[in-house]
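Undergrad: Let me begin by handing over the structure; questions about it come next.
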Number of protein chains: 4
Amino acid sequence: MRALVYHGPKNVSVDEVPDARIESPTDALVRITTANICGSDLHMYEGRTDVETGKVLGHENMGEVVAVGDAVVKVRVGDMVVLPFNIGCGFCKNCESGKTGFCLTANPGSAGAAYGYADMGPYSGGQAELLRVPWADWNALVLPDDAREKQRDYTMLSDILPTGYHGTELAKVGTGDSVVVYGAGPVGLMAAISAKVRGAAEVYVIDHQPDRLKLAETVGATPIDDSAGDAVQQVLDLTRGEGVDAGVEAVGYQAHDHDGAEKPGITINSLIQVVRPTGRIGVIGVFVPEDPNAEDDLAKKGRFAFDFGTFFFKGQSMATGQANVKQYNRGLRNLIHRDAIHPGVIVSQELNLDEAVEGYKNFDARLDGWTKVLLHP
Amino acid sequence: MRALVYHGPKNVSVDEVPDARIESPTDALVRITTANICGSDLHMYEGRTDVETGKVLGHENMGEVVAVGDAVVKVRVGDMVVLPFNIGCGFCKNCESGKTGFCLTANPGSAGAAYGYADMGPYSGGQAELLRVPWADWNALVLPDDAREKQRDYTMLSDILPTGYHGTELAKVGTGDSVVVYGAGPVGLMAAISAKVRGAAEVYVIDHQPDRLKLAETVGATPIDDSAGDAVQQVLDLTRGEGVDAGVEAVGYQAHDHDGAEKPGITINSLIQVVRPTGRIGVIGVFVPEDPNAEDDLAKKGRFAFDFGTFFFKGQSMATGQANVKQYNRGLRNLIHRDAIHPGVIVSQELNLDEAVEGYKNFDARLDGWTKVLLHP
Amino acid sequence: MRALVYHGPKNVSVDEVPDARIESPTDALVRITTANICGSDLHMYEGRTDVETGKVLGHENMGEVVAVGDAVVKVRVGDMVVLPFNIGCGFCKNCESGKTGFCLTANPGSAGAAYGYADMGPYSGGQAELLRVPWADWNALVLPDDAREKQRDYTMLSDILPTGYHGTELAKVGTGDSVVVYGAGPVGLMAAISAKVRGAAEVYVIDHQPDRLKLAETVGATPIDDSAGDAVQQVLDLTRGEGVDAGVEAVGYQAHDHDGAEKPGITINSLIQVVRPTGRIGVIGVFVPEDPNAEDDLAKKGRFAFDFGTFFFKGQSMATGQANVKQYNRGLRNLIHRDAIHPGVIVSQELNLDEAVEGYKNFDARLDGWTKVLLHP
Amino acid sequence: MRALVYHGPKNVSVDEVPDARIESPTDALVRITTANICGSDLHMYEGRTDVETGKVLGHENMGEVVAVGDAVVKVRVGDMVVLPFNIGCGFCKNCESGKTGFCLTANPGSAGAAYGYADMGPYSGGQAELLRVPWADWNALVLPDDAREKQRDYTMLSDILPTGYHGTELAKVGTGDSVVVYGAGPVGLMAAISAKVRGAAEVYVIDHQPDRLKLAETVGATPIDDSAGDAVQQVLDLTRGEGVDAGVEAVGYQAHDHDGAEKPGITINSLIQVVRPTGRIGVIGVFVPEDPNAEDDLAKKGRFAFDFGTFFFKGQSMATGQANVKQYNRGLRNLIHRDAIHPGVIVSQELNLDEAVEGYKNFDARLDGWTKVLLHP
């Protein structure tokens, strides 16, 4: 089969590789119809991780089931399914309690596994014609009849929509709340959509890229342009000085200041300022335990100077981590099915697999108008 | 009336001051029978805060109601009551939603008020013969018939028992959980008692003072002596390498390393290590937004180098802040009344008000055997 | 002042009565701008309760503060406020824990008080020029600048919108859920709006009155006409036989079968059928402990034949009771302020106080098009 | 292998039957070391159900794993395991969300499956030498090294301890609460233990059998003898007329009045009386949708006259259903392992499999001192 393979920093190609296949009685085999390129794929593409060369990338996958193992009973051949990017066993302590992003079985010695991802286990990705899905009855979400026509929406269930929603769950967004989302990238936009789904009254999305701020407005949020002045102060002004009830971090450790220097703590410390006393902060932007190539010494060790005194004094809480996709994907699927949300609105490019190399290059260059790229193998 | 007055660093005296009195129709006046000295009183005593001279100290108070204002309907003269250290109005957004430690009315411009405390509003403390209690129907918890005989236990309801419990609530301790508590001071010991109340199966309390570790054992916890080797490793060894489900920080910004140097982040970063992926951390040790006399530059600004990459990678959560005493004091009162818990077991000295100066001096010196001091004005 | 007074079954009039006034330091006096007639006012009007003659009715009130007692600090003269129909003290065990509909202080010997209502304490109603508001800082919700222009929406915060929302809270409606609401009266319609606010994907509203079913559609729900066939079966058919995740009862003990006979249990037992195993049911329609004039012996004692075996076998839960308005009114106010919801869409008549007698008569007759009546004294 | 087989009402025998064996790659085979007789086994024994003849009974099972299927990765041969009585797939909508007692896969067309039980699917029971365990990685709980020595305690994890705990979860028992448990049978006693684990301050257990009331006292509860006067009134007297915060029903549809007549609603309606306004009721006693041999017409249809008016007026909630054992068994296992609880204290008889027939007979006769019977095949 053909697949997008990582060969080194900024070096990927579409190669012929051995077909994915059923390896265990609990597996399913899926013919990929859509695999998205994710912002975190770019971490690997840029050589910021220790992902092994030869790895097939792609953790945002959906497609049609073409074979199942002997022990698979729920998922059937012919089903259209979307796969959570995190792979779980379904029966470890974490999977059982809904922490499906932190499976203790799928990637022994760590907590959490994923398709085609650095340090997340030996699983191939789905930017390929076929994908092996372990523990398929647990991992595959079956889609309704409109799966193919709403593919741009449903494909968001593999990662960024549940991840955005996770941010609002971690921040306990509820009816009538005011919310700040840091970052109007795909995940931040999904967090904004999710905040509205949960009944937020005011959603402020902070970024400086005009096209992203425009999308923030499209999904019903108030865009805050932080190149136009201190974003914290802008939001304080809009909330009678009180700050907001909840905040979501959707940028991660590669946050930059206005001069383009990486400042891993800048969004977190800003959220501590802008969220009101007793407020909650959800962190879904990726932070890494080690970043050997970082600019400053703290960042190399995955640390930054955290405004802890203010955090404590305000009695805030902060919850973090990759999304437990399975906690949310059923409910969000229902909303898409009922036309209540349209996350696919952020899709900017749809390419076939052969165009994937070009797609990576342009997406990594943050070319204007490259917001979210879908591949159709 | 006589009261313990702050005159400057390490300078307090018992003076004659004007009687506390009813100032608003919603006030009550309480004749103090017990007022405890709290570890956080020592922050003021040592000159680490900007508390004004002339302030009557004391935020852990209980006593008998001797007068009530015209609008007071629940609390009656003659009632024995214990007062939460935090003063709330009962009707602001925070009080209403149970965040009673972050009242927006009682200390305008800030969130949270307290008796006799730096930066917590103009309220006199209870290390005195009389105490004015604002919004008495909201703030006073009426005690049952055994109030006087169990005074050593009930007086813990003013602060440290609910504060310890708050730590376990912030860390969401539940049935069968394993828990680490950093610090075997009074608050840490109360957190250990609280963890047992909430059904924890294993409670590890980390400290290096033998008398405190002994008390940890008395309240049913497993003492971990961090002077005998790396505490994180000790707990990992006791938990098959998995770490614990939940952690409570009960030390605060004055945490020291083994050489006696203040290291504000040392306990937090250790908790991030020892708590398992998806685990929860509750922070009740006090951290301050500014500490001008701190040793290093970050600490001066209330910051420290936080292990954020690991925190995120493990998908942990952290919740902080002073206790919302009223959320917990009814339930804990019932447990004392029914002899289910005996928090008074940690009381080491009971002094009359005239001995208070000596009490402050010895408690501040961390003299052996000075764990918790009660004053009986 | 002029006020609507109850004189006996189907006998009310607008009379001159003594002015409402400040009676306690914690009171406020409100000049009523809008007071709604509620379906439950009709219970009294029809003589189904033991409300005393001479009572001023009206528990859905908003207006302008014209005076406050000495101990009132939050609410100010000139504020536009909306009052929860339930009166609470703010400091009893129930008020403190958010169960503000079950105050133990305001109506001694019972749990819960209200303005102008049978068995809910000695408080006059607001279908009058002036209203005394006890514990005003607790009970009054201050409205923003658009209070007068959005009066049709904000007045819904006094009762039916939070009551509808309470139904969805009791039924734990969440993201992507399917929900059935029994009854498309004002409260049922508010429950439908609330279910959408909480992220429900499918909301079915069951009724037989065409105008109400039409309104259900207007607020984004799927109308189910139970005069067109078994409503339970209709919903099962629409949900692949699975039933719904959650149900809300918004009819009450005066539920009728198709022949017009009162059948108090008919909606509850239908919900047990239509809600799926492990589903939740919230009951906000009013049921009474005694109904001496009821048709059958069980109903006289407030009982009915409950399908308990099925309820247990399906592992369902049911939560009930009048709304704790204060739990919800802040958040819902914010949504109105931000134009996210428009509950006033159900208002059918706006009358001045002198037209109130006619209003009661027509509303009680369930005249076509009389959905929700506002009085403007 | 030898197994206890049902042949008809009051007719069971220990027969030679075909060995249980691995049938699917996800199965495990367990050599039973302990299988308890449950009160609900007596429903079948007495002919109150439509269980098929030839069925091997036994749903409270523990033992040693002797074989596993190809897809089993967590459970290993040699592991000592305890099996939840309910069988789940681990991946249906209900299993996924923790409602593991209501699996939609294991017993198609219904919600919930179990070993050796009427209407709960085609699964053989464990009152036998060997047991087939489907979806073993999901269903088996692995026990620590002390599994054999604490078998009397750990075997309670298969059903009655988690079931008792479920009652306290459904009733949301928390720190300092007062609780009533109806029924001092094995499940009621486990509910009492669980209420203490969750921090209840007062636990009242109602029954009339002296030996059971004695055990209630042993586990730390206050026994209430309802043959000595109205139990509701006794508890009201002990709670200053307020009633309790929470109630647990652990009797079921075979509740009797003092004259020995079955009154299915008697405990539920009593709980509505004795639980305070806003209180919660958890129902774990079994109620059935149909009971053709019941004495009255309502009971035949699984109905009774429910005090709904009072239930609503008090704003109570009620949650029901068989326990989701997997939600609780890990945490409770930890408490047994750490000697924090000793549920085995209620065991009255330990028999070998050949004595099972006699065991059923005596247990069904409710012979004095026959509280809980273990079989060791």
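The values are calculated or read from the model by the stated rules, or taken from the named source; none is laboratory data. Treat the numbers as computed from the prediction; the structure is a model and nothing was measured. Neighbour counts are summed over all protein chains in view; Cβ atoms, including those assigned to glycine, are modelled from backbone coordinates with ideal geometry.
Undergrad: Cβ-Cβ distance below 6 Å, separation of 6 or more or different chains: which pairs start in segment A:251-275 with a residue that is assigned to a loop (DSSP other than H, G, I, E, B) and end on one that is among the hydroxyl-bearing types (Ser, Thr, Tyr) and buried (at least 19 other Cβ atoms within 10 Å of the Cβ)?
TA: Note: pairs meeting the criteria are A:Val251/A:Tyr182; A:Val251/A:Thr267; A:Ala255/A:Thr267; A:Pro264/A:Tyr253.
Undergrad: Could you identify the single residue in C:Lys263, C:Lys326 that is among the basic types (Lys, Arg) and farther than 30 Å from B:Asn94 by Cβ?
TA: Answer to the selection: C:Lys263.
Undergrad: Would you check if there is a residue in segment B:308-316 being closer than 30 Å to B:Thr155 by Cα and either buried (at least 22 other Cβ atoms within 10 Å of the Cβ) or under 20 Å from the mean Cα position of the chain (by Cα) (or both)?
TA: No, segment B:308-316 contains no residue that is closer than 30 Å to B:Thr155 by Cα and either buried (at least 22 other Cβ atoms within 10 Å of the Cβ) or under 20 Å from the mean Cα position of the chain (by Cα) (or both).
Undergrad: While we're here: Hey, could you check segment C:325-359 for residues that are away from chain A (no Cβ under 14 Å) and under 17 Å from the mean Cα position of the chain (by Cα) and say which is surrounded by the most Cβ atoms within 10 Å (Cβ to Cβ)? Break it down into steps so the answer makes sense when it comes.
TA: From segment C:325-359, those away from chain A (no Cβ under 14 Å) are C:344-359; that's our starting set.
Retained after the next criterion (residues that are under 17 Å from the mean Cα position of the chain (by Cα)): C:344-348.
Numbers: C:Gly344: 17, C:Val345: 16, C:Ile346: 22, C:Val347: 19, C:Ser348: 16.
The residue in question is C:Ile346.
Undergrad: Show the residue pairs that are 6+ apart or on different chains and have beta-carbon atoms under 9 Å apart, the first residue being within segment D:296-308 and in a loop (DSSP other than H, G, I, E, B), the second being at pLDDT 95 or above and acidic (Asp, Glu).
TA: D:Lys301/C:Asp307; D:Gly302/C:Asp307; D:Arg303/C:Asp307
Undergrad: Identify all residues within segment B:250-287 that are closer than 17 Å to B:Phe312 by Cα, more than 12 Å from chain A (Cβ to nearest Cβ) and touching a helix residue (DSSP H, G or I) at 6+ places or on another chain (Cβ under 6 Å); write none if there are none.
TA: Listed by number, the residues that qualify are B:Ser270, B:Val274.
Undergrad: So which of A:Ala147, A:Ala111 is of a type outside the set (Val, Ile, Thr), in the same structural domain as A:His342 (by TED's automatic domain parsing), in contact with a helix residue (DSSP H, G or I) (Cβ under 7 Å, 6 or more places away or on another chain) and at pLDDT below 95?
TA: Being of a type outside the set (Val, Ile, Thr), in the same structural domain as A:His342 (by TED's automatic domain parsing), in contact with a helix residue (DSSP H, G or I) (Cβ under 7 Å, 6 or more places away or on another chain) and at pLDDT below 95 holds for just one of A:Ala147, A:Ala111, which is A:Ala111.
Undergrad: Limited to segment D:354-372, what total is found for residues that are closer than 20 Å to D:Gly8 by Cβ, part of a helix (DSSP H, G or I) and not polar (S, T, N, Q)?
TA: Taking segment D:354-372 as the starting set, the residues that turn out to be closer than 20 Å to D:Gly8 by Cβ are D:356-365.
Those left that are additionally part of a helix (DSSP H, G or I): D:356-364.
Next cut, not polar (S, T, N, Q) only: D:356-361, D:363-364.
So the answer is 8.
Undergrad: Name, by its number, the condition in (1) under 26 Å from D:Ala106 (Cα atoms); (2) within 14 Å of chain B (Cβ to nearest Cβ); (3) out of contact with any helix residue (DSSP H, G or I) (no Cβ under 6 Å at 6 or more places or on another chain); (4) outside any loop (DSSP other than H, G, I, E, B) that does not hold for A:Ala106.
TA: (4)
Undergrad: Taking segment A:291-305 as the region of interest, how many residues are facing chain B (nearest Cβ under 8 Å) and in contact with a helix residue (DSSP H, G or I) (Cβ under 7 Å, 6 or more places away or on another chain)?
TA: Of the residues in segment A:291-305, 5 are facing chain B (nearest Cβ under 8 Å) and in contact with a helix residue (DSSP H, G or I) (Cβ under 7 Å, 6 or more places away or on another chain).
Undergrad: Is there a residue being buried (at least 24 other Cβ atoms within 10 Å of the Cβ) and either within 14 Å of another protein chain (Cβ to nearest Cβ) or in contact (Cβ under 8 Å) with a residue 60 or more places away in the chain (or both) anywhere in segment B:144-152?
TA: The answer is no, given that none of the residues of segment B:144-152 is buried (at least 24 other Cβ atoms within 10 Å of the Cβ) and either within 14 Å of another protein chain (Cβ to nearest Cβ) or in contact (Cβ under 8 Å) with a residue 60 or more places away in the chain (or both).
Undergrad: Here's another thing I want to ask about it. Take B:Leu104 and decide whether it is within 17 Å of the chain's Cα centre (by Cα), among the aliphatic types (A, V, I, L, M), under 30 Å from C:Pro84 (Cα atoms) and assigned by TED's automatic domain parsing to the domain that holds B:Pro144.
TA: no
Undergrad: Right, another one. Can you report the number of residues in segment B:79-93 which are in contact with a Leu (Cβ under 6 Å, 6 or more places away or on another chain) and part of a loop (DSSP other than H, G, I, E, B)?
TA: Residues in segment B:79-93 being in contact with a Leu (Cβ under 6 Å, 6 or more places away or on another chain) and part of a loop (DSSP other than H, G, I, E, B): 1 in total.
Undergrad: Further question: Would you mind telling me which numbered condition in (1) within 21 Å of D:Thr49 (Cα to Cα); (2) assigned to a loop (DSSP other than H, G, I, E, B); (3) modelled with pLDDT of 95 or more D:Val187 fails?
TA: All conditions pass for D:Val187, except number (2).
Undergrad: Do we have A:Ile346 as touching a residue at least 24 places away in the same chain (Cβ under 8 Å), touching a Phe, Trp or Tyr at 6+ places or on another chain (Cβ under 9 Å) and not assigned by TED's automatic domain parsing to the domain that holds A:Ala221 here?
TA: Working: touching a residue at least 24 places away in the same chain (Cβ under 8 Å): yes; touching a Phe, Trp or Tyr at 6+ places or on another chain (Cβ under 9 Å): no; not assigned by TED's automatic domain parsing to the domain that holds A:Ala221: yes.
For A:Ile346, the condition - touching a residue at least 24 places away in the same chain (Cβ under 8 Å), touching a Phe, Trp or Tyr at 6+ places or on another chain (Cβ under 9 Å) and not assigned by TED's automatic domain parsing to the domain that holds A:Ala221 - is not met.
Undergrad: Going by the conditions given, is D:Val187 buried (at least 24 other Cβ atoms within 10 Å of the Cβ), in the same structural domain as D:His258 (by TED's automatic domain parsing) and under 13 Å from the mean Cα position of the chain (by Cα)?
TA: Considered against the rule, which asks whether it is buried (at least 24 other Cβ atoms within 10 Å of the Cβ), in the same structural domain as D:His258 (by TED's automatic domain parsing) and under 13 Å from the mean Cα position of the chain (by Cα), D:Val187 comes out as yes.
Undergrad: Among the numbered criteria (1) within 11 Å of another protein chain (Cβ to nearest Cβ); (2) touching an Asp or Glu at 6+ places or on another chain (Cβ under 8 Å), which single criterion is violated by D:Ala184?
TA: Evaluating D:Ala184 over (1) within 11 Å of another protein chain (Cβ to nearest Cβ); (2) touching an Asp or Glu at 6+ places or on another chain (Cβ under 8 Å) leaves (1) as the failure.
Undergrad: While we're looking at this one, here's another question. Against the definition (farther than 20 Å from A:Asn86 by Cβ and either within 18 Å of the chain's Cα centre (by Cα) or crowded, with 22+ Cβ neighbours inside 10 Å (or both)), how does A:Glu46 come out, yes or no?
TA: The answer is yes for A:Glu46.
Residue by residue, here is whether (1) on the phi > 0 side of the Ramachandran plot; (2) assigned to a strand (DSSP E or B); (3) over 22 Å from the mean Cα position of the chain (by Cα) holds:
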residue: C:His7; (1), (2), (3): no, yes, yes
residue: C:Leu29; (1), (2), (3): no, yes, yes
residue: C:Ser40; (1), (2), (3): no, no, no
residue: C:Val65; (1), (2), (3): no, yes, yes
residue: C:Val73; (1), (2), (3): no, no, yes
residue: C:Ala118; (1), (2), (3): no, no, no
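Undergrad: Yes or no: C:Gly167 within 14 Å of the chain's Cα centre (by Cα), away from chain A (no Cβ under 14 Å) and crowded, with 24+ Cβ neighbours inside 10 Å?
TA: It is false that C:Gly167 is within 14 Å of the chain's Cα centre (by Cα), away from chain A (no Cβ under 14 Å) and crowded, with 24+ Cβ neighbours inside 10 Å.
Undergrad: Could you please let me know if C:Arg21 is surrounded by fewer than 16 Cβ atoms within 10 Å (Cβ to Cβ), more than 14 Å from chain B (Cβ to nearest Cβ) and not β-branched (Val, Ile, Thr)?
TA: yes
Undergrad: Is it fair to say A:Pro210 is surrounded by 23 or more Cβ atoms within 10 Å (Cβ to Cβ) and either more than 22 Å from A:Ala35 (Cβ to Cβ) or under 20 Å from the mean Cα position of the chain (by Cα) (or both)? Before the answer, list the steps.
TA: On the way: surrounded by 23 or more Cβ atoms within 10 Å (Cβ to Cβ): no; either more than 22 Å from A:Ala35 (Cβ to Cβ) or under 20 Å from the mean Cα position of the chain (by Cα) (or both): yes.
Considered against the rule, which asks whether it is surrounded by 23 or more Cβ atoms within 10 Å (Cβ to Cβ) and either more than 22 Å from A:Ala35 (Cβ to Cβ) or under 20 Å from the mean Cα position of the chain (by Cα) (or both), A:Pro210 comes out as no.
Undergrad: Now for a separate question. Just name the residue that is surrounded by the most Cβ atoms within 10 Å (Cβ to Cβ) out of those in segment B:198-207 that are of a type in the set (A, V, I, L, M) and more than 18 Å from the chain's Cα centre (by Cα).
TA: Among those that are of a type in the set (A, V, I, L, M) and more than 18 Å from the chain's Cα centre (by Cα), it is B:Ala200.
Undergrad: Separate question: So which of B:Glu96, B:Glu64 ends up being of a type in the set (Asp, Glu) and either more than 7 Å from every other protein chain (Cβ to nearest Cβ) or in contact (Cβ under 8 Å) with a residue 40 or more places away in the chain (or both)?
TA: After applying the criteria, what remains is B:Glu64.
Undergrad: May I pose another question? Of the residues that make up segment C:331-341, is at least one assigned to a helix (DSSP H, G or I) and at pLDDT below 95?
TA: no
Undergrad: Which of the helices (runs of 4 or more DSSP H) found entirely inside segment C:125-174 contain at least 3 residues meeting this: among the hydrophobic types (A, V, I, L, M, F, W, C)?
TA: Working: elements: C:136-139, C:151-154, C:160-170.
The qualifying helices (runs of 4 or more DSSP H) are C:160-170.
Undergrad: Determine which member of the set C:Val56, C:Val72 is in contact (Cβ under 8 Å) with a residue 12 or more places away in the chain, of a type outside the set (S, T, N, Q), under 25 Å from B:Val72 (Cα atoms) and buried (at least 21 other Cβ atoms within 10 Å of the Cβ).
TA: C:Val72
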